[in-house]
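The values are calculated or read from the model by the stated rules, or taken from the named source; none is laboratory data. What you see is a predicted model, and the numbers here were worked out from it, not measured in a lab. Note: ideal-geometry Cβ built from the backbone for every residue, glycine included; neighbour counts use all protein chains shown.
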Amino acid sequence: MINLPTIKQLRYFIALENHGHFGKAAEASFVSQSAFSTAIKELEKLLGSQLVDRTNKTVTITTIGKEVANQARQCIRSVEHLTEVASSGEGALVGRLNLGIIPTIAPFMLPKVMPALRETYPKLRLYLREDTTVNSYARLMSGELDLILIALPYKLSNIEIMPLFKDHFFLACHEQTQWLDPEKYALNKLKLESILLLEDGHCLRDHALSACKIRNQDSVNRFNASSLMTLIEMVNSDLGITYLTKMANDSSLLKHTHIKTYPLKDNSYREIGLAWRKGSAYEGEFRELGEFITTLCEQ
């Protein structure tokens, strides 16, 4: 019989990677430092690999150690889920679920989805982490998140993607804008630096550039907004025009502003989707959640 690591050993090693210090990790694990160090050495011996480079002052997790920590998080989540399912007597969307969601989706979708989700799946405990796509993806692959709700297209590897629905773009500008005649909107007639967008790192910027077919970078303002709210305020002050999605357009974001929106004639949209690690044992549950979200958002 193969000797396998214990849950305790895996939890200790995750704590060590999180804290990068034996003393702090031991304290966080409510165990003496000597017992903690012994457990990590036993784990290394059991796996036959060095997981930690030790010096007098620093702790460095090896490349293999980082992969072990990622897999350890996933193992522990699986064990936790097994316990939750067994104790509840149900198998669909129960217990803890760690969901990453990007800032250009969260404020618009969550108010609509969360009440219905709580009513339909009362035993689901949803932990939300709002962050950029790149950070959410990193946390997904490290095991910190179970799945992520993102905007597509976005190049990611080793994941399964479930497209949910299309989120179309609208032209947005001040109702008396100086930058263009919105009724005669044409990309090739836009003034220099007339387009305001979010700064690099926000996928909505890339999606707007691609979906709205913005090829001439001279028309994009060099000053970028750090958040969607900042972008709205800049457009409301007629510092330029921008492109908002239907999700934002249908929200209260533009209430009490002088901004008007106009649907684009061409097929300009981003796609909202769920993503999870390939081979996840919870794929059926994730797809059930995706279908639930799609039904709500298409109403």
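What the table shows:
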{"read-out": "Top-ranked residue of the range 82-131 - restricted to ones that are modelled with pLDDT of 90 or more, β-branched (Val, Ile, Thr) and surrounded by 13 or more Cβ atoms within 10 Å (Cβ to Cβ), ranked as nearest to LEU149 (Cα to Cα)", "value": "ILE101"}
{"read-out": "The range 206-233, subset among the hydroxyl-bearing types (Ser, Thr, Tyr) and in a helix (DSSP H, G or I), residue surrounded by the most Cβ atoms within 10 Å (Cβ to Cβ)", "value": "SER219"}
{"read-out": "Hits in the range 243-299 - residues which are of a type in the set (A, V, I, L, M, F, W, C), part of a loop (DSSP other than H, G, I, E, B) and not assigned by TED's automatic domain parsing to the domain that holds ILE148", "value": "LEU253, LEU254, LEU264"}
{"read-out": "Among the residues listed as TYR269, TYR262, the single one being more than 30 Å from LYS123 (Cβ to Cβ), touching a strand residue (DSSP E or B) at 6+ places or on another chain (Cβ under 8 Å) and exposed (fewer than 15 other Cβ atoms within 10 Å of the Cβ)", "value": "TYR262"}
{"read-out": "Residue within the range 193-202 that is modelled with pLDDT of 90 or more and either surrounded by fewer than 17 Cβ atoms within 10 Å (Cβ to Cβ) or of a type in the set (Lys, Arg) (or both) present", "value": "yes"}
{"read-out": "Members of the range 20-35 that are of a type in the set (Phe, Trp, Tyr) and modelled with pLDDT under 85", "value": "PHE30"}
{"read-out": "Within the range 36-59, tally of residues that are β-branched (Val, Ile, Thr) and modelled with pLDDT of 85 or more", "value": "3"}
{"read-out": "Residue in the range 141-159 that is part of a helix (DSSP H, G or I) and either modelled with pLDDT under 90 or touching a Phe, Trp or Tyr at 6+ places or on another chain (Cβ under 8 Å) (or both) present", "value": "yes"}
{"read-out": "Filter result (in contact with a strand residue (DSSP E or B) (Cβ under 7 Å, 6 or more places away or on another chain) and either touching a residue at least 60 places away in the same chain (Cβ under 8 Å) or in a strand (DSSP E or B) (or both)) within the range 118-136", "value": "LEU124, ARG125, LEU126, TYR127, LEU128, ARG129, GLU130, THR133"}
